[in-house]
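Chemist: First the structure, then my questions, so here it is.
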Amino acid sequence: MKSFQLSLVAATLLLATASCNSSTDSVKEAQKVNEAKADSTVQPTGQGAAVKDDKKDDSEFMTKAASGGLLEVQMGTEVAKRARTPGARQAAEQMVKDHTKGNAELKALAAKKNITLPTVLGDEQQKVYNDVLANKDVSLDKEYVKQMVKDHKDDIKEFTDGSTKAGDPEVRAYAAKNIPMLQMHLAMFEKLQAEMDAKK
(Lines give C-alpha, C1' and ligand atoms only; values in the text may rest on other atoms or scores of the structure.)
Protein backbone atom coordinates (compact mmCIF):
# COMPACT_ATOMS: atom_id res chain seq x y z
CA MET A 1 0.00 0.00 0.00
CA LYS A 2 2.79 2.39 0.93
CA SER A 3 4.61 1.85 -2.38
CA PHE A 4 1.35 2.55 -4.22
CA GLN A 5 0.98 5.83 -2.30
CA LEU A 6 4.57 6.78 -3.09
CA SER A 7 3.97 5.97 -6.76
CA LEU A 8 0.87 8.13 -6.70
CA VAL A 9 2.84 11.05 -5.25
CA ALA A 10 5.65 10.53 -7.78
CA ALA A 11 3.15 10.42 -10.65
CA THR A 12 1.51 13.59 -9.37
CA LEU A 13 4.90 15.31 -9.14
CA LEU A 14 5.72 14.35 -12.71
CA LEU A 15 2.33 15.56 -13.89
CA ALA A 16 2.78 18.85 -12.05
CA THR A 17 6.26 19.32 -13.50
CA ALA A 18 4.98 18.67 -17.00
CA SER A 19 2.06 21.02 -16.40
CA CYS A 20 4.34 23.80 -15.16
CA ASN A 21 5.99 23.83 -18.57
CA SER A 22 2.66 24.70 -20.19
CA SER A 23 0.51 27.65 -19.18
CA THR A 24 -0.79 26.30 -15.87
CA ASP A 25 -0.52 28.26 -12.64
CA SER A 26 2.57 27.00 -10.79
CA VAL A 27 1.09 27.91 -7.38
CA LYS A 28 -2.06 25.84 -8.01
CA GLU A 29 0.00 22.96 -9.37
CA ALA A 30 2.22 22.93 -6.26
CA GLN A 31 -0.89 23.01 -4.07
CA LYS A 32 -2.33 19.99 -5.94
CA VAL A 33 0.90 18.05 -5.34
CA ASN A 34 0.79 18.96 -1.65
CA GLU A 35 -2.86 17.86 -1.38
CA ALA A 36 -1.94 14.50 -2.93
CA LYS A 37 0.87 14.13 -0.39
CA ALA A 38 -1.51 14.94 2.50
CA ASP A 39 -4.11 12.50 1.12
CA SER A 40 -1.55 9.70 0.97
CA THR A 41 -0.17 10.20 4.49
CA VAL A 42 -3.18 11.22 6.62
CA GLN A 43 -6.29 9.19 7.45
CA PRO A 44 -9.47 11.03 6.35
CA THR A 45 -11.33 10.52 9.66
CA GLY A 46 -11.45 12.28 13.03
CA GLN A 47 -8.19 13.89 14.06
CA GLY A 48 -6.58 12.91 10.75
CA ALA A 49 -9.01 15.18 8.87
CA ALA A 50 -8.00 18.15 11.06
CA VAL A 51 -4.30 17.40 10.46
CA LYS A 52 -4.98 17.23 6.71
CA ASP A 53 -6.76 20.62 6.80
CA ASP A 54 -3.83 22.14 8.71
CA LYS A 55 -1.37 20.73 6.15
CA LYS A 56 -3.48 22.11 3.30
CA ASP A 57 -3.65 25.59 4.90
CA ASP A 58 0.08 25.57 5.68
CA SER A 59 1.00 24.48 2.15
CA GLU A 60 -1.28 27.15 0.62
CA PHE A 61 0.40 29.84 2.71
CA MET A 62 3.88 28.54 1.82
CA THR A 63 3.22 28.17 -1.92
CA LYS A 64 1.82 31.71 -2.15
CA ALA A 65 4.71 33.06 -0.08
CA ALA A 66 7.17 31.28 -2.39
CA SER A 67 5.70 32.76 -5.56
CA GLY A 68 5.54 36.20 -3.92
CA GLY A 69 9.18 35.88 -2.85
CA LEU A 70 10.20 34.88 -6.37
CA LEU A 71 8.39 37.97 -7.71
CA GLU A 72 10.24 40.28 -5.30
CA VAL A 73 13.62 38.88 -6.39
CA GLN A 74 12.99 38.61 -10.15
CA MET A 75 11.25 41.96 -10.50
CA GLY A 76 13.71 43.63 -8.12
CA THR A 77 16.61 42.36 -10.24
CA GLU A 78 15.11 43.85 -13.42
CA VAL A 79 14.03 47.13 -11.83
CA ALA A 80 17.49 47.60 -10.27
CA LYS A 81 18.93 47.51 -13.83
CA ARG A 82 16.31 49.77 -15.42
CA ALA A 83 15.24 52.24 -12.70
CA ARG A 84 15.77 55.94 -13.40
CA THR A 85 15.46 57.16 -9.82
CA PRO A 86 18.03 56.27 -7.14
CA GLY A 87 15.25 55.54 -4.62
CA ALA A 88 13.56 52.92 -6.81
CA ARG A 89 16.92 51.35 -7.67
CA GLN A 90 18.00 51.10 -4.02
CA ALA A 91 14.60 49.73 -2.97
CA ALA A 92 14.75 47.10 -5.72
CA GLU A 93 18.23 46.05 -4.59
CA GLN A 94 16.94 45.80 -1.01
CA MET A 95 14.09 43.54 -2.20
CA VAL A 96 16.54 41.20 -3.94
CA LYS A 97 18.77 40.99 -0.86
CA ASP A 98 16.04 40.51 1.76
CA HIS A 99 13.76 38.22 -0.23
CA THR A 100 16.59 36.01 -1.47
CA LYS A 101 17.33 35.30 2.19
CA GLY A 102 13.64 34.80 3.03
CA ASN A 103 13.16 32.50 0.03
CA ALA A 104 16.10 30.32 1.13
CA GLU A 105 14.60 30.00 4.62
CA LEU A 106 11.20 29.10 3.17
CA LYS A 107 12.76 26.53 0.84
CA ALA A 108 14.56 24.86 3.76
CA LEU A 109 11.36 24.80 5.83
CA ALA A 110 9.36 23.36 2.92
CA ALA A 111 11.95 20.61 2.41
CA LYS A 112 11.76 19.75 6.12
CA LYS A 113 7.94 19.61 6.01
CA ASN A 114 7.80 17.77 2.64
CA ILE A 115 5.97 20.68 0.99
CA THR A 116 6.39 21.30 -2.73
CA LEU A 117 6.92 24.97 -3.64
CA PRO A 118 6.50 26.56 -7.07
CA THR A 119 9.80 27.20 -8.82
CA VAL A 120 8.40 29.75 -11.27
CA LEU A 121 6.02 32.68 -10.77
CA GLY A 122 2.33 31.93 -10.33
CA ASP A 123 -0.11 33.52 -12.79
CA GLU A 124 -0.97 36.42 -10.45
CA GLN A 125 2.69 37.28 -9.81
CA GLN A 126 3.60 36.87 -13.50
CA LYS A 127 0.93 39.43 -14.41
CA VAL A 128 2.35 41.96 -11.91
CA TYR A 129 5.87 41.32 -13.26
CA ASN A 130 4.74 41.85 -16.87
CA ASP A 131 2.65 44.93 -16.05
CA VAL A 132 5.47 46.68 -14.19
CA LEU A 133 8.18 45.87 -16.73
CA ALA A 134 6.00 46.96 -19.66
CA ASN A 135 6.72 50.53 -18.48
CA LYS A 136 9.79 52.58 -19.35
CA ASP A 137 11.83 55.32 -17.70
CA VAL A 138 10.30 57.01 -14.62
CA SER A 139 6.91 55.38 -15.35
CA LEU A 140 8.55 52.02 -14.59
CA ASP A 141 9.80 53.33 -11.23
CA LYS A 142 6.37 54.70 -10.31
CA GLU A 143 4.52 51.53 -11.31
CA TYR A 144 7.04 49.38 -9.43
CA VAL A 145 6.67 51.44 -6.25
CA LYS A 146 2.85 51.42 -6.56
CA GLN A 147 2.77 47.63 -6.99
CA MET A 148 5.19 47.10 -4.11
CA VAL A 149 2.96 49.13 -1.76
CA LYS A 150 -0.05 47.00 -2.72
CA ASP A 151 1.95 43.76 -2.67
CA HIS A 152 3.43 44.37 0.79
CA LYS A 153 0.04 45.30 2.27
CA ASP A 154 -1.30 41.95 0.97
CA ASP A 155 1.81 40.11 2.21
CA ILE A 156 1.56 41.57 5.71
CA LYS A 157 -2.06 40.37 5.94
CA GLU A 158 -1.17 36.86 4.69
CA PHE A 159 1.88 36.53 6.95
CA THR A 160 -0.07 37.84 9.96
CA ASP A 161 -2.76 35.21 9.29
CA GLY A 162 -0.04 32.58 8.83
CA SER A 163 1.61 33.56 12.13
CA THR A 164 -1.58 32.81 14.07
CA LYS A 165 -3.51 30.29 11.96
CA ALA A 166 -0.88 27.92 10.53
CA GLY A 167 -1.19 24.43 11.99
CA ASP A 168 2.55 23.81 12.22
CA PRO A 169 4.41 25.85 14.88
CA GLU A 170 7.50 26.19 12.64
CA VAL A 171 5.36 27.62 9.83
CA ARG A 172 3.80 30.07 12.31
CA ALA A 173 7.28 31.06 13.50
CA TYR A 174 8.50 31.61 9.90
CA ALA A 175 5.51 33.84 9.16
CA ALA A 176 5.92 35.84 12.40
CA LYS A 177 9.67 36.31 11.85
CA ASN A 178 9.10 37.88 8.41
CA ILE A 179 6.37 40.37 9.36
CA PRO A 180 8.80 43.11 10.61
CA MET A 181 10.78 42.89 7.35
CA LEU A 182 7.59 43.22 5.28
CA GLN A 183 6.47 46.19 7.40
CA MET A 184 9.85 47.85 6.89
CA HIS A 185 9.56 47.32 3.12
CA LEU A 186 6.03 48.76 3.09
CA ALA A 187 7.17 51.88 4.98
CA MET A 188 10.08 52.30 2.56
CA PHE A 189 7.82 52.06 -0.51
CA GLU A 190 5.13 54.33 0.96
CA LYS A 191 7.82 56.97 1.62
CA LEU A 192 9.09 56.59 -1.96
CA GLN A 193 5.57 56.84 -3.33
CA ALA A 194 4.94 60.06 -1.35
CA GLU A 195 8.21 61.54 -2.67
CA MET A 196 7.30 60.63 -6.26
CA ASP A 197 3.77 62.05 -5.90
CA ALA A 198 5.20 65.31 -4.48
CA LYS A 199 7.26 65.77 -7.68
CA LYS A 200 4.22 65.65 -10.01
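Chemist: Sort through Val120, Val145, Val149 and tell me the only one that's farther than 23 Å from Ala176 by Cβ and surrounded by fewer than 21 Cβ atoms within 10 Å (Cβ to Cβ).
Modeler: On the way: Val145 fails: surrounded by fewer than 21 Cβ atoms within 10 Å (Cβ to Cβ); Val149 fails: farther than 23 Å from Ala176 by Cβ.
Going through Val120, Val145, Val149 in turn, just one is farther than 23 Å from Ala176 by Cβ and surrounded by fewer than 21 Cβ atoms within 10 Å (Cβ to Cβ): Val120.
Chemist: Then there's this: Among the residues of the stretch 140-156, are any among the β-branched types (Val, Ile, Thr), over 15 Å from the mean Cα position of the chain (by Cα) and farther than 19 Å from Asp57 by Cα?
Modeler: The initial filter retains those residues of the stretch 140-156 that are among the β-branched types (Val, Ile, Thr), namely 145, 149, 156.
Still in the running and over 15 Å from the mean Cα position of the chain (by Cα): 145, 149.
Subset that is farther than 19 Å from Asp57 by Cα: 145, 149.
Checked the stretch 140-156: at least one residue is among the β-branched types (Val, Ile, Thr), over 15 Å from the mean Cα position of the chain (by Cα) and farther than 19 Å from Asp57 by Cα.
Chemist: Suppose the filter is in contact (Cβ under 8 Å) with a residue 40 or more places away in the chain and of a type in the set (S, T, N, Q); does Asn178 pass it? Give the steps one after another, and end with the answer.
Modeler: Working: in contact (Cβ under 8 Å) with a residue 40 or more places away in the chain: yes; of a type in the set (S, T, N, Q): yes.
For Asn178, the condition - in contact (Cβ under 8 Å) with a residue 40 or more places away in the chain and of a type in the set (S, T, N, Q) - is met.
Chemist: In the stretch 155-172, how many residues are part of a helix (DSSP H, G or I) and either open to solvent by less than 30 Å² (accessible area, probe 1.4 Å) or without any contact (Cβ under 8 Å) to a residue 40 or more places away in the chain (or both)? Can you show your working first?
Modeler: First, pick out the residues of the stretch 155-172 that are part of a helix (DSSP H, G or I): 155-165, 169-172.
Now drop any that are not either open to solvent by less than 30 Å² (accessible area, probe 1.4 Å) or without any contact (Cβ under 8 Å) to a residue 40 or more places away in the chain (or both), which leaves 155-157, 159-160, 162-164, 169, 171-172.
Here the count works out to 11.
Chemist: For the stretch 150-175, give me the residue count where each residue is over 15 Å from Gly69 (Cβ atoms) and among the charged types (D, E, K, R). Break it down into steps so the answer makes sense when it comes.
Modeler: Start the filter on the stretch 150-175 by keeping residues that are over 15 Å from Gly69 (Cβ atoms), which leaves 150, 153, 157, 160-161, 163-170, 172-173.
Next, from what is left, pick out any that are among the charged types (D, E, K, R): 150, 153, 157, 161, 165, 168, 170, 172.
So the count comes out to 8.
Chemist: Does Ala134 fit the bill of being within 14 Å of Ala65 (Cα to Cα), open to solvent by 40 Å² or more (accessible area, probe 1.4 Å) and modelled with pLDDT of 95 or more? Break it down into steps so the answer makes sense when it comes.
Modeler: Details: within 14 Å of Ala65 (Cα to Cα): no; open to solvent by 40 Å² or more (accessible area, probe 1.4 Å): yes; modelled with pLDDT of 95 or more: yes.
For Ala134, the condition - within 14 Å of Ala65 (Cα to Cα), open to solvent by 40 Å² or more (accessible area, probe 1.4 Å) and modelled with pLDDT of 95 or more - is not met.
Chemist: Considering Leu109, Leu117, which residue is assigned to a loop (DSSP other than H, G, I, E, B), at negative phi and either out of contact with any Gly (no Cβ under 7 Å at 6 or more places or on another chain) or without any contact (Cβ under 8 Å) to a residue 60 or more places away in the chain (or both)?
Modeler: After ruling out the rest, the residue left standing is Leu117.
The values are calculated or read from the model by the stated rules, or taken from the named source; none is laboratory data. Keep in mind that this is a model prediction, so the values were computed, not measured. So basically every Cβ, Gly included, is an ideal-geometry build from the backbone, and we count neighbours across all protein chains shown. Ligands, DNA and RNA are stripped out before the accessible areas are found, and what is left, the full protein with its side chains, is counted by its heavy atoms. Shrake-Rupley method; radii C 1.70, N 1.55, O 1.52, S 1.80 Å.
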